[in-house]
Amino acid sequence: MQFTSEQRLDDGVLEREFTLGEIPGILWTPASATAPAPLILLGHPGGLHKMYPRLAGRARHSAAEGFAAATIELPGSGERLRLVGAEQARADLRRALQAGEPVGDEIIDALILPLVEKAVPEWQTTLDALLSLPEIGGPVGYSGGVISIGVRLAVVEPRISAAVLFAGSFVPRVMFEEARQVTIPLHVLLQWDDEGNDRQAALDLFDAFGTQVKTLHANLGGHTGVPQFAGDAAAQFLTRHLK
């Protein structure tokens, strides 16, 4: 892990950009940590520069609760090399949506599964590097989307103790089987009127999760209209389970 820049934000949070091989990312650490801080991995749909304001806001909120937070650029997003077949899958998705047709399993699989297969090992490699830093400790939580990435991480990464998952992306059928293997506490955020989300699939996925500690927080509104109180409830969930 190579840190490429750092700045102290106005609330004292230390923000450092880093690269890990070809993976760019950002780490935020609390202003006055006296011990290694617990860590929240911030998931997002890709485009680190575009997503920065929202990610930084979430990170600063986490830092106020004593958490470090980190995010990475997803494979195929930002300045990274595009994933093979991703552009065709996006074009097929746009055609189906514009025509008002159901989005078929083949399109969803082609769009999401290659991303999950590449992104999850990168998150694990990043977690290895972050936990080697003296200012970062456990436990570790995951918060954000793409929801299929969060599901896979919850299954294969034992260092993640709790997760907040953002419904709002298409879910391959194979992920429902993986969801049954999830045993960590979950808090799922669902925007009821999300124009790009299959609401019933999100409800079915929540029902499939194997954990006995799961909460669904649904609110009216579109994809980017998550109310502040819903975000606060998700943050309180992570504080409760990671501290």
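The values are calculated or read from the model by the stated rules, or taken from the named source; none is laboratory data. Everything quoted here is computed from the prediction, not taken from an experiment. Virtual Cβ from ideal backbone geometry, glycine too; neighbours counted across all protein chains shown.
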Which of the helices (runs of 4 or more DSSP H) found entirely inside segment 94-192 contain at least 2 residues meeting this: within 27 Å of Pro227 (Cβ to Cβ) and hydrophobic (A, V, I, L, M, F, W, C)? 147-156, 174-179
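So, restricting to strands (runs of 3 or more DSSP E) that lie completely within segment 1-48, which ones have at least 1 residues that are in contact with a strand residue (DSSP E or B) (Cβ under 7 Å, 6 or more places away or on another chain), surrounded by fewer than 18 Cβ atoms within 10 Å (Cβ to Cβ) and free of Cβ contacts under 8 Å to residues at least 12 places away in the same chain? Even if it seems obvious, please write down each step before you answer.
Numbers: elements: 2-8, 14-20, 23-29, 37-42.
Strands (runs of 3 or more DSSP E) meeting the threshold: 2-8.
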Given Gln236, Gln212, Gln200, which one is in a loop (DSSP other than H, G, I, E, B), at negative phi and of a type outside the set (Asp, Glu)? Gln212
Pairs where the first residue, in segment 73-94, is closer than 28 Å to Ile26 by Cα and the second is in a helix (DSSP H, G or I) and at pLDDT below 90, C-beta under 7 Å, 6+ apart: Gly76/Ala86
How many residues does segment 201-217 hold that are touching a Phe, Trp or Tyr at 6+ places or on another chain (Cβ under 9 Å), among the small types (Gly, Ala, Ser) and modelled with pLDDT of 95 or more? 1
Residue by residue through segment 90-102, note down the ones that are surrounded by fewer than 17 Cβ atoms within 10 Å (Cβ to Cβ) and out of contact with any Gly (no Cβ under 9 Å at 6 or more places or on another chain). Arg90, Ala91, Arg94, Arg95, Gln98, Ala99, Gly100, Glu101, Pro102
